[in-house]
Amino acid sequence: MFIKENAALFGKTLVELQTLVTELGLQKFRAAQIFEALYRGRVSSLEDITTLSLEARERLALEGFAVGRPEVVQTAKSIDGTERYLMRMADGETVETVWMPEGDGGERGDGSDAAEEEAGEVDSIQLRSVNSEVSEPELGKLEQSAGRKRWRDVGTLEKNGYRRATICISSQVGCAVNCQFCLTAKLGIKRNLTAGEIAGQVAAVLARQQIRVGQDRINLVFMGMGEPFLNYDSFMASVRLLSGAMGIPESRMTVSTSGIEPAIRRFAQEPVRPKLALSLNASNDSVRAEIMPITRKWNIAALLDAVATIPLGKREYVTFEYVLLGGVNDQLVHAGEVLELLRGLKAKINLIVWNPGPGIAYSQPAPEDVTLFQATLISGGLPTYIRRPRGRDIFAACGQLKRTMDDEPQLVSIASA
Ligand code: SAH
Ligand code: SF4
């Protein structure tokens, strides 16, 4: 259904709802009822706000108001349990949102989640590199098999009665950044999403999956379509809705940026903020500029300076993402340069094996190069994880999100993942 701009209730703060009900001549306490229904009750239509009188609901409808939350209009399910949703906004634009049972390790890289790290979980990879009874090239293999084991063990419904999952959210319709390896870039930018449209993707998925916030462990990653830091105000407003109104702590959220230097500096000042992941993706400016042209505007040194202004908690790290592109940035010389770049920073690295997409002329790294890259970083003292690709068979993995499900080829195999 098409609704007029600003007519969506979902996305409004309590204060905005109070102003609205007052303007409509409704009692002020109605605002709290609407707020509760939208963000805790996860209603998708006015009729479902049963705490409101019929008269109040009719009044809202008459004035053109609607819940206006994004709607799931198509779904695809991967053999690994990942689900990809096509979400339609009130004006008909669509984005994609991904549901990954048992998390994707995007927050950390090894399949565990952000809050465990804060709670002081032992970092197995670091311990292993210190007790080096294991030879370095073996480390990568061990870590990969440890990751796989954990993946099998955890399951969607854990023995102790809670579910664990990560939701990957889009922040824009398309993206303007034009990274050469990313399928979303091919769309160009259509428009920013509003705070309600960003947080609404989460509400729609939580409702669909019948998640109990507070009991189930939900991590959010702003790693879907778009560059969150080029839609900064709406992105941050959505964080406040998700944490304040919907009850998901910001310590369970990670935002990934391609590197918008002024926005990183602003982010560092925020009182409530998710964890940060910077898409480094290259070990020097010349390779980075080739694969991420935005490097010509803000180079690696400028980005690292900005990242260094973020106040980190005692157990907090800044994550650097590094997409490995065969023969482009995955060689030993590059690993050495990464170690140099990140020396002295409280950093950890998530290595992402490049996910292919139609019309993108890169190749995947050789498995032995991935192992060696990881082992080199670990032996240089940098905690390094390999991110397990999720939902590649349904084009739901990193950099594979676009807007339509109709015309896309199916990848034959994810066995090479
Ligand atoms: N725009 C933000 C967040 C969305 S992209 C950013 O770029 O950080 C999320 C992550 O996916 C980024 O680290 C990006 O480098 C990575 N990515 C993009 N395309 C990819 C691909 N084809 N394969 C693997 N990772 C990819
Ligand atoms: Fe945009 Fe991120 Fe894709 Fe780059 S990698 S084009 S910033 S979505």
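The values are calculated or read from the model by the stated rules, or taken from the named source; none is laboratory data. Quick caveat: nothing in here was measured; it's all calculated off a predicted structure. FYI the Cβ positions are ideal-geometry reconstructions off the backbone, even for glycines, and counts take in every protein chain you see. When the accessible area is computed, the model is the full protein with side chains, heavy atoms only, and any ligands, DNA or RNA have been set aside. Shrake-Rupley method; radii C 1.70, N 1.55, O 1.52, S 1.80 Å.
Where strands (runs of 3 or more DSSP E) fall entirely within region 160-212, none has at least 2 residues that are within 13 Å of ligand 1 (Cβ to nearest atom) and small (Gly, Ala, Ser).
Determine whether region 332-340 contains at least one residue that is under 22 Å from the mean Cα position of the chain (by Cα) and either over 27 Å from residue 233 (Cα atoms) or not in a loop (DSSP other than H, G, I, E, B) (or both).
Scanning region 332-340, I find no residue that is under 22 Å from the mean Cα position of the chain (by Cα) and either over 27 Å from residue 233 (Cα atoms) or not in a loop (DSSP other than H, G, I, E, B) (or both), so the answer is no.
Scanning region 45-79 for residues that are buried (at least 19 other Cβ atoms within 10 Å of the Cβ) and part of a loop (DSSP other than H, G, I, E, B) gives 49, 52, 65, 67, 68, 69, 70, 78.
Restricting attention to region 347-398, the residues being open to solvent by 40 Å² or more (accessible area, probe 1.4 Å) and either modelled with pLDDT under 95 or within 16 Å of ligand 1 (Cβ to nearest atom) (or both) number 10.
Screening the candidates 230, 220 for the property of being among the hydrophobic types (A, V, I, L, M, F, W, C), out of contact with any Phe, Trp or Tyr (no Cβ under 7 Å at 6 or more places or on another chain), on the phi < 0 side of the Ramachandran plot and crowded, with 20+ Cβ neighbours inside 10 Å yields one hit, 220.
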